[in-house]
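Novice: Questions regarding the structure given below will be posed in turn.
The values are calculated or read from the model by the stated rules, or taken from the named source; none is laboratory data. The model shown is predicted, which means the values in this text are computed figures rather than measured ones. For neighbour counting, all protein chains shown are included, and Cβ atoms are generated from backbone atoms with ideal geometry for every residue, glycine included. The protein model used for the area step is the full one, side chains on, heavy atoms only, and it has no ligands, DNA or RNA in it. Shrake-Rupley method; radii C 1.70, N 1.55, O 1.52, S 1.80 Å.
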Amino acid sequence: MNELALAVPWLGKRNPQAARWLVIAIAIGAPLVAMMFGRTWVRVLDFALLYILLALGLNLVVGFAGLLDLGYIAFYAVGAYTAAFLASPHFDVHLPIWIVLPLAACFAATAGIMLGFPVLRLRGDYLAIVTLGFGEIVRIFMNNLNYPINITNGPQGINALDPIALFGWDLSRNIQITEELAVNSLFLYYYFFLACVVGSIIFISRLQISRVGRAWAAMRDDELAAKAIGINTRNMKLLAFSLGATFGGVSGVLFGTFQGFVSPESFSLMESIAVLTMVVFGGMGNVAGAIVGAIILSALPEILRHLAVPVQQALFGHVLLDPEVLRMLLLSLAMILMMLLRPSGLIPANAKYSHIRYLKAKGVTE
Amino acid sequence: MITLLEARNIGKRFGGLQALSDVSLTIRKGEVYGLIGPNGAGKTTFFNVLTGAYTPDGGEFVFNGAVLPSGKPHLVVAQGIARTFQNIRLFRELSALENVMAGHHIRTNASVWGILTQNRHTVEEERLTTERAYELLKYVGIERFATATAKNLSYGDQRRLEIARALATEPQLLALDEPAAGMNATETVQLKNLIEQIRGDGITVLLIEHDVKLVMGLCDRVAVLDFGRKIAEDVPAEVQKNEAVIGAYLGGGHKHAH
Ligand SMILES: Nc1ncnc2c1ncn2[C@@H]1O[C@H](COP(=O)(O)OP(=O)(O)OP(=O)(O)O)[C@@H](O)[C@H]1O
Ligand SMILES: [Mg+2]
């Protein structure tokens, strides 16, 4: 939160208190502004929040623990499919979200540990390749587990997932206030996702300034030295993989139930790369970077998508470039510009791993 | 005198190179024990095997009467052995304070759940870790750089920071690998005082050092390695007179035939 406020250009350094209120105001007011341009844009914001969750989780693994993971989207898939199995007509099981969420978190964490064990000794490029393979394996499983027994329904995916219901209150239904006035369900999802994001930020900030956060940072900066001061690097890596995966799993459940259907194509390698790009673009190793990266790189392609078709129609009379191609183009462009102009990301990591306030009595300040 | 560490017939081979062969030595509680020898004699390798970074091919270490686990650095640290590196290895992106706090990791036990809920134990432990780290920075004399990023410290201060980080693990035996390397005369004197202070606080010191004056001034006993073998072990004055030792040093390390 403080990091995010400090990251506000100009205002952040001068008046952090005001910057903090500004961030809160934007977070709360964003969907109201978006609604003026149409419901689609509220949807875009909902997805942006899901991407923030994903980026926060991946940042834990890549930014804090220094483990380059290219298969992160697999945990998103585990979460989404858990929701599809446990809360849809597919197996005709309809568990409430309060059971699905923790179960999905457990499954994803287990998957994280399963990935973690074989790659304990790998670093850098080698780690990236193996995790990439892991991500693809999960997707291919989802794609093919419809025969001989139909588990995942194959490439068609699973439809009609139960919407999220909080204490019997269905998020997918608009709240009717008067005849004409209603609170759209997209808003309900937005604030629910926002609550999840805020919770995650608090959790991650606490982890960062703790023995675990310092152990991860130590391992990332110098694994040999980390071992030499007694850090059990094996356990710390597994912890990073499983906690990161938990975030992926939880956002997967939210994604599946929000969208109402899941299919393997949502979990392709390109999605892993997109999330990683968000983390790197925003600035690896700090919460604010992950958030800003996720917002920009999930909203910008949508804006482009809406402009691309009409602009191309007007210019050439027909559509030359598919919007999906444009998205990838934009991501690669973002990466190239980043490397040239700001190699450490939009918001370079300036992460704190200690509370200086404990030393106030000794006269230590920032 | 109580024995703190006993190395029994330690051997380590890298391919065709016998880096350590049959090295046995005994370090007593409370002394400063020097380990010297020409370049490539196997001193650093001895540290690596002792601290579990490498597994020895043969032999064992007995620490406080119990055999040390081999190849498990975190267990060795837990037993009370800490080390520094010949080529400084700090956590570059962390502040000086956070480097030392990381060193306290093994003596703390807050769980993920405790961290998530910020329960009393976690908060108290975090506060103590922070305060202790600051005290250690003071102890080595660099507390004014507490919030500076480690990579921005001067060379001499980085060396001190590494010692502070090692001390944060609460060791009984502190193994220093050429702590004076690259230091000027003033810094070396300060280092000597620091090591004496550490010894005074009841921590046994195992010291690899090329600076002869420092070794002779500080150490209670010295072992000399040459081509992976221990060729002498005695009080400094005697070692200086030892024929084999003089031969090893004059022989110019690797050119010396065995
Ligand atoms: N990981 C390794 N793989 C292969 N050979 C090694 C390895 N580590 C050390 N050696 C070799 O073992 C021998 C002893 O090296 P070591 O670093 O222990 O010497 P040293 O006594 O610390 O020397 P210096 O005073 O130069 O630091 C050298 O010949 C070195 O090249
Ligand atoms: Mg050496």
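Novice: Please work out which one of (1) farther than 19 Å from A:L239 by Cα; (2) loosely packed, with under 14 Cβ neighbours inside 10 Å; (3) without any contact (Cβ under 8 Å) to a residue 24 or more places away in the chain is the condition A:Q156 fails and give its number.
Specialist: (3)
Novice: Quick check on A:L70: is it closer than 22 Å to A:L276 by Cα, assigned to a loop (DSSP other than H, G, I, E, B) and either free of Cβ contacts under 8 Å to residues at least 40 places away in the same chain or open to solvent by 50 Å² or more (accessible area, probe 1.4 Å) (or both)?
Specialist: In short, no.
Novice: Something else now. Of (1) within 20 Å of the chain's Cα centre (by Cα); (2) farther than 27 Å from B:Q79 by Cα; (3) within 14 Å of another protein chain (Cβ to nearest Cβ), B:K151 satisfies all except one. Which?
Specialist: (1)
Novice: Considering segment A:219-273 alone, what residues qualify as being assigned to a helix (DSSP H, G or I), open to solvent by less than 20 Å² (accessible area, probe 1.4 Å) and among the polar types (S, T, N, Q)?
Specialist: A:T233, A:S242, A:S251, A:T257, A:S272
Novice: Another question, then. Criterion first (away from ligand 1 (no atom under 16 Å from the Cβ), of a type in the set (G, A, S) and in contact with a strand residue (DSSP E or B) (Cβ under 7 Å, 6 or more places away or on another chain)) does B:A175 satisfy it?
Specialist: Considered against the rule, which asks whether it is away from ligand 1 (no atom under 16 Å from the Cβ), of a type in the set (G, A, S) and in contact with a strand residue (DSSP E or B) (Cβ under 7 Å, 6 or more places away or on another chain), B:A175 comes out as no.
Novice: Is it the case, given these coordinates, that B:E170 is within 13 Å of another protein chain (Cβ to nearest Cβ), on the phi > 0 side of the Ramachandran plot and of a type outside the set (F, W, Y)?
Specialist: Considered against the rule, which asks whether it is within 13 Å of another protein chain (Cβ to nearest Cβ), on the phi > 0 side of the Ramachandran plot and of a type outside the set (F, W, Y), B:E170 comes out as yes.
Novice: If you don't mind, there's one more thing I want to ask. Restricting attention to segment B:128-148, and to residues there that are among the hydrophobic types (A, V, I, L, M, F, W, C) and touching a strand residue (DSSP E or B) at 6+ places or on another chain (Cβ under 8 Å), which single residue is farthest from the other protein chains (Cβ to nearest Cβ)?
Specialist: The selected residue is B:A148.
Novice: What are the residues in segment B:21-66 that are under 25 Å from B:D201 (Cβ atoms), within 12 Å of ligand 1 (Cβ to nearest atom) and in contact with a helix residue (DSSP H, G or I) (Cβ under 9 Å, 6 or more places away or on another chain), if any?
Specialist: Those that are under 25 Å from B:D201 (Cβ atoms), within 12 Å of ligand 1 (Cβ to nearest atom) and in contact with a helix residue (DSSP H, G or I) (Cβ under 9 Å, 6 or more places away or on another chain): B:L35, B:I36, B:L50.
Novice: Can you name every residue in segment B:171-182 that is within 16 Å of ligand 2 (Cβ to nearest atom) and open to solvent by less than 50 Å² (accessible area, probe 1.4 Å)?
Specialist: B:A175, B:L176, B:D177, B:E178, B:P179, B:A180, B:A181
Novice: Return the pairs, sorted by first residue and then second, in which the second residue is β-branched (V, I, T), the first residue lies in segment A:203-224 and is more than 7 Å from chain B (Cβ to nearest Cβ), the beta carbons are less than 7 Å apart, and the residues are 6+ apart or on different chains.
Specialist: A:I204/A:V287; A:S205/A:V287; A:M219/A:I231; A:M219/A:T233; A:E223/A:T233
Novice: Check off (1) within 30 Å of A:P9 (Cα to Cα); (2) open to solvent by 40 Å² or more (accessible area, probe 1.4 Å); (3) in a loop (DSSP other than H, G, I, E, B); (4) of a type outside the set (A, V, I, L, M) for A:E302 and give me the number that stays unchecked.
Specialist: (3)
Novice: Here is a follow-up. Output the residues belonging to segment A:198-218 that are under 17 Å from the mean Cα position of the chain (by Cα) and either polar (S, T, N, Q) or open to solvent by 10 Å² or more (accessible area, probe 1.4 Å) (or both).
Specialist: A:V198, A:G199, A:S200, A:I201, A:I202, A:F203, A:S205
Novice: Report yes if some residue within segment A:81-95 is surrounded by fewer than 15 Cβ atoms within 10 Å (Cβ to Cβ), closer than 25 Å to A:T277 by Cβ, of a type in the set (D, E, K, R) and out of contact with any strand residue (DSSP E or B) (no Cβ under 9 Å at 6 or more places or on another chain); otherwise report no.
Specialist: Taking every residue of segment A:81-95 in turn, none turns out to be surrounded by fewer than 15 Cβ atoms within 10 Å (Cβ to Cβ), closer than 25 Å to A:T277 by Cβ, of a type in the set (D, E, K, R) and out of contact with any strand residue (DSSP E or B) (no Cβ under 9 Å at 6 or more places or on another chain).
Novice: Name the one entry in B:P73, B:P38 that is more than 16 Å from ligand 2 (Cβ to nearest atom) and either within 14 Å of chain A (Cβ to nearest Cβ) or in contact with a strand residue (DSSP E or B) (Cβ under 8 Å, 6 or more places away or on another chain) (or both).
Specialist: When all the criteria are applied, what remains is B:P73.
Novice: Let me ask you something else. Can you find a residue that is open to solvent by 20 Å² or more (accessible area, probe 1.4 Å), among the basic types (K, R) and under 19 Å from the mean Cα position of the chain (by Cα) anywhere in segment B:114-131?
Specialist: No; the residues of segment B:114-131 include none that is open to solvent by 20 Å² or more (accessible area, probe 1.4 Å), among the basic types (K, R) and under 19 Å from the mean Cα position of the chain (by Cα).
Novice: I would also like to ask the following. Select the helices (runs of 4 or more DSSP H) contained entirely in segment A:1-48, then report the ones holding at least 1 residues which are polar (S, T, N, Q) and open to solvent by 70 Å² or more (accessible area, probe 1.4 Å).
Specialist: A:2-6, A:16-37
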